[in-house]
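K.L.:
Structure in structure tokens, see below.
No value in this document is a laboratory result; all are computed from the given coordinates. Bear in mind the structure is a predicted one, so any value in this text is a computation, not a measurement. Here the Cβ positions follow ideal geometry from the backbone for every residue, glycine too, while neighbour counts run over all protein chains shown.
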């Protein structure tokens, strides 16, 4: 998606070779018309996938996921990050450890909102090592739902997230592919 | 707003006399077209207030705040909840203790995205005791910005949030006013 590529190059900040800051347009300050364009792009890409619900992980995925849900006219389910080891038997929960922050949390959803006949499109802001998304996949499997695809705003192709998800049989569609990060320099895939 | 009143009465769950669950339409499962209607309602109400930005508090406020930002064609700023006592001198931070959950966190924003000439509309899902919103007001004051108003989806009128905000001189506009909660029974203001 050219619009998002241009913004990543003009406003993204490579902090080091692993981490990129996108706080001026995705995670902290959000441009609603950019999010609407992103939602329409995901909806167009997955229009023949019979998606019944969108799922995302709080909180940076909520804005693009909401706009995707609106464009596809389906509900959005927000998976919560609860403190690790606070488990609740009536909820769907799985432990996730972020590679970037080394923080561990319980990804949590209610079984009320995900059913075995749901075909769920997972939307998130970043794909790097894939911890959060593979956690979301585990939650959907606990509910016996189907993963209809994975839509990502910014994929770091030098990390193994895509490979893990494709090996599990899922389609991964990302709007921007980052090839490498160096302090002050972001290189995109062609 | 009649649509939201009807949904609160049909799908909200009074857990006890203080707490109401809205997980099927606001906090966990989100109806994007309801959020779009809510955004348009807030935009209409505050159309003459010269709002330059929307602010909200992660994560249940993000969906309605994004739709308000879209309807008003201004950026959305998401205030983050950081663990208490993790402070960072380059950020705007203020401690907030939730009355409902008794949890304490540092409400956090970057000074990069709030300027002294900003007139900010704060949007959040609930107004009860007003801790989160008065925290957001403190953040905006640290940035020397102006509070252009407060928009709330569901106000609990038996708790003192509105009084605190009105005493501080702010306009509070809420879409649904809950007069009382009893297990299984939600009563709205006329």
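K.L.:
Between rounded, prolate and oblate, where does segment A:1-104 land on the alpha carbon gyration tensor, with a ≥ b ≥ c its root eigenvalues, rounded for a/c under 1.5, else prolate if a/b exceeds b/c?
P.N.:
Note, shape of segment A:1-104 comes out oblate.
K.L.:
Follow-up question, since we're still on this one. Explain nothing, just the number: relative contact order of chain B, from Cα pairs under 8 Å at least 6 residues apart, as a whole percent.
P.N.:
Numbers: 389 pairs, mean separation 40.3, N = 190.
Relative CO of chain B lands at 21 percent.
K.L.:
Only counting other Cβ atoms within 10 Å, I'd like B:165, A:188, A:66, A:76 sorted with the fewest neighbours first.
P.N.:
Ranking B:165, A:188, A:66, A:76 by Cβ neighbours within 10 Å, fewest first, gives A:188, B:165, A:76, A:66.
K.L.:
Count, for each residue of A:177-188, the Cβ atoms from other chains sitting within 10 Å of its Cβ, then give me the mean as a whole number. Spell out each step's value before the answer.
P.N.:
Numbers: counts 0, 0, 0, 0, 0, 0, 0, 0, 0, 0, 0, 0.
Averaged over the peptide's residues, the number is 0.
K.L.:
Over segment A:29-141, what is the relative contact order in percent, taking alpha-carbon pairs closer than 8 angstrom and at least six residues apart? Can you show the working numbers first?
P.N.:
Details: 189 pairs, mean separation 31.8, N = 113.
Here the relative contact order equals 28 percent.
K.L.:
Rounded, prolate or oblate for segment B:40-176? Axes are the square roots of the Cα gyration tensor eigenvalues, ordered a ≥ b ≥ c, and the cut-off for rounded is a/c under 1.5.
P.N.:
Working: a/c = 1.59, a/b = 1.13, b/c = 1.41.
It is oblate, given that a/c is not under 1.5 and a/b is not larger than b/c.
K.L.:
Roughly how far apart, in whole Å, are the Cα centres of segment A:113-187 and segment B:119-190?
P.N.:
The two parts, judged by their Cα centres, are 36 Å apart.
K.L.:
What shape does segment B:30-83 have by the C-alpha gyration tensor, where a ≥ b ≥ c are the square roots of the eigenvalues, rounded means a/c under 1.5, and otherwise prolate means a/b greater than b/c and oblate the rest? All intermediate terms of the calculation are to be shown ahead of the outcome.
P.N.:
Values: a/c = 2.66, a/b = 1.28, b/c = 2.07.
Oblate, because a/c is 1.5 or more while a/b does not exceed b/c.
K.L.:
Report relative contact order for segment A:85-190 in percent, whole number only (criteria: Cα-Cα under 8 Å, sequence separation at least 6). Don't jump to the answer; show the numbers that get you there.
P.N.:
Numbers: 199 pairs, mean separation 23.1, N = 106.
Computed value for segment A:85-190: 22 percent relative contact order.
K.L.:
What list do you get for B:138, B:162 if you sort them by fewest beta carbons within 10 Å?
P.N.:
B:138, B:162
K.L.:
Moving on to the next point. Taking the number of other C-beta atoms within 10 Å as the exposure measure, put B:98, B:59 in order starting with the fewest. Each step should come with its number before you reach the end.
P.N.:
Details: B:98 15, B:59 21.
Final ranking by Cβ density, sparse to dense: B:98, B:59.
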